[in-house]
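To start, the structure itself, in C-alpha cells.
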Amino acid sequence: MKRETMIERHIRKVIELIDVASIAKKIVLALLGLFLITFLLVHLGLNLTILRNDGGEWFRAGAYFMGSNFIVKILGFGILAAILGHIALGFLIQFLNWRARPIGYKVRTKSKTMFGSRLMIWTGILLGVLIVVHLTHFWFVKQGWAEGRYIIRTEKVERAFGARTFELQNAFQNAVNEDQQMRIETEFMELHNFIQGSEKLQVAFLPGFAGQRFIVDLSKEDIAEIRSFLDVAYKADFWAMMHDMFKNIWMVLLYVFFSIVLGIHLAHAIPSGFQTLGLAHSKYTFIVKYAGYGLAAIIAIGFAFVPLFIYFFR
C-alpha cells in the first residue's frame, strides 16, 4: 500500500474539513427551516382566528399580546434573524454548488429530487421578495416606519386621563394668578369635552382576553389628535389593516401567489430537511415525504384562504 505523503495528508484533511463544513451548513439550514415552519404554524393559527365573526376580538387580542409581551418581542427578532440566516445559507450553498459544477451536466436526469432542489433557489428568491413586501405591509407599520391602522387599550386611555386630570388639578391649586387658573381650567374643560365627545374614543370598546378592552380602527391622524390631549401608547391594528388591504383584488392575488410559492418551497424543504438531519429511513421515507407534502399543502391553503375569505365574505 502506497504511503501517504505529508502534502497528500494535508490536502485530504482540507477536503475533509470542507466536507464537514458543507454538511454543517446544510444541517443549520435544515434546523432554521424547521424552526421557521413552527413559526409559520403559529402565524397561521393566529391568522385563522380572523375567520371568526367576532369583530376581530380573538385576532386583535392575540396580535396585541404578541406585540406587547417582552419574551415574544425577543422571539420576533429571533425569527427575523432565522429568516435572514436561512436565506443567506441557502444562497451560499447554492452558490458553492454552482461553482463546483460551472458547466453543468451534459445529460440531465428526470429525478424529482433534483428537480425539487433546482426549484428551491428560485422559490427561495421569490419568497425573499414577497417577505420584504409583507414586512412593508405589516411589520414596518408596527415599527412606526409606515402608516396603517392602530389600536389603543382603553385601560391606558383611562390611566392617562386620570394622570393628566391630577396634573391639571395640582397646577390649578398652585397657580400664581387668575389668568393662569383660567388657562388651566380651559385646558381641563377641553380634556373632559374631548373624552366625552370625541368620535375617536366612541369606537366600540372591544372585549379581549383577560378583560382587555380596546379602541380600534384608528388612523395616524386620529392617534395624533388623541396624543395632543393624552400621552397614551398605541399598537398597530392588523385586523383593520388586513380588511382594508384584502378588499383590493390585486393584493389578494399577490398573497395567494405568495402562498402557492411557499407551498412549493415547503413541499421539497420539509422532506429534504428531515433527510439532512438523518431522520429519513427506507422504512418510513414514504411517510415523511407525503406528510411533508400534506403539511406544505395545509400551510399554503391556510394562508391563501384568509385573503380570499376577507375579499368574498367580509
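Tabulated results
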{"quantity": "In the stretch 32-77, the residues that are within 15 Å of GLY302 (Cβ to Cβ), free of Cβ contacts under 8 Å to residues at least 24 places away in the same chain and out of contact with any helix residue (DSSP H, G or I) (no Cβ under 6 Å at 6 or more places or on another chain)", "calculated": "THR38, VAL42, HIS43, GLY45"}
{"quantity": "Any hit, the stretch 214-223, residues being basic (Lys, Arg) and over 29 Å from TRP58 (Cβ atoms)", "calculated": "no"}
{"quantity": "Of residues in the stretch 80-108 being at pLDDT below 70 and part of a helix (DSSP H, G or I), the one nearest to the chain's Cα centre (by Cα)", "calculated": "ARG99"}
{"quantity": "Filter pass, VAL129 being under 18 Å from the mean Cα position of the chain (by Cα) and in a helix (DSSP H, G or I)", "calculated": "yes"}
{"quantity": "Total residues in the stretch 121-167, condition under 30 Å from PHE188 (Cα atoms), crowded, with 17+ Cβ neighbours inside 10 Å and among the hydrophobic types (A, V, I, L, M, F, W, C)", "calculated": "5"}
{"quantity": "Single match in ALA297, ALA269 (criterion: of a type in the set (Gly, Ala, Ser), within 21 Å of the chain's Cα centre (by Cα) and surrounded by 19 or more Cβ atoms within 10 Å (Cβ to Cβ))", "calculated": "ALA269"}
{"quantity": "Residue match in the stretch 185-194 (condition: in the same structural domain as GLU225 (by TED's automatic domain parsing), touching a helix residue (DSSP H, G or I) at 6+ places or on another chain (Cβ under 6 Å), within 30 Å of PHE59 (Cα to Cα) and not charged (D, E, K, R))", "calculated": "yes"}
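The values are calculated or read from the model by the stated rules, or taken from the named source; none is laboratory data. As the structure is a prediction and not an experimental result, all values here were calculated from the model. Ideal geometry is used to build each Cβ from the backbone, glycine not excepted, and the neighbour counts take in all protein chains shown.
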